[in-house]
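Written out below as structure tokens is the structure these notes cover.
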């Protein structure tokens with residue numbers, strides 16, 4: 001196991017800079033998310049303890065131009081990608 005796998009990720013993390021759960025330092029380290037055993041590349045936010053992820057709902061946007069998201073419930077496993 002490498003050192004990056006031993007480090008813990010936050011319970012909740014968001015890719016939206018306006019969110020209180022946004023952490024640029026952690027996101028810069030290339031975070032990946034497995035949801036229900038499958039790798040997801042379109043996750044905007046996740047919460048491990050509550051078991052959900054938010055993903056973009058197509059190309060729809062809200063009135064501020066941000067993508068609309070949907071919440072999916074299931075098993076969430078964040079990790080640092082290698083390389």
Check: What number of residues within segment 60-79 are part of a strand (DSSP E or B) and without any contact (Cβ under 8 Å) to a residue 60 or more places away in the chain?
Finding: 11
Check: Restricting to segment 1-23, what's the tally of residues that are in a helix (DSSP H, G or I) and either modelled with pLDDT of 95 or more or within 17 Å of residue 76 (Cβ to Cβ) (or both)?
Finding: 1
Next item on the list: Filter segment 24-59 for residues that are within 18 Å of residue 71 (Cβ to Cβ) and either in contact with a helix residue (DSSP H, G or I) (Cβ under 8 Å, 6 or more places away or on another chain) or outside any strand (DSSP E or B) (or both) and give the result.
Entry: 36, 41, 42, 48, 49, 50, 51
Notebook entry, point to check: Can you find a residue in segment 24-37 that is in contact (Cβ under 8 Å) with a residue 24 or more places away in the chain, at positive phi and within 13 Å of the chain's Cα centre (by Cα)?
Noted result: yes
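The values are calculated or read from the model by the stated rules, or taken from the named source; none is laboratory data. Bear in mind that the values here come from a model prediction, so they are computed numbers and not experimental data. No Cβ is skipped: glycine too gets one built from the backbone with ideal geometry, and neighbour counts run over all protein chains shown.
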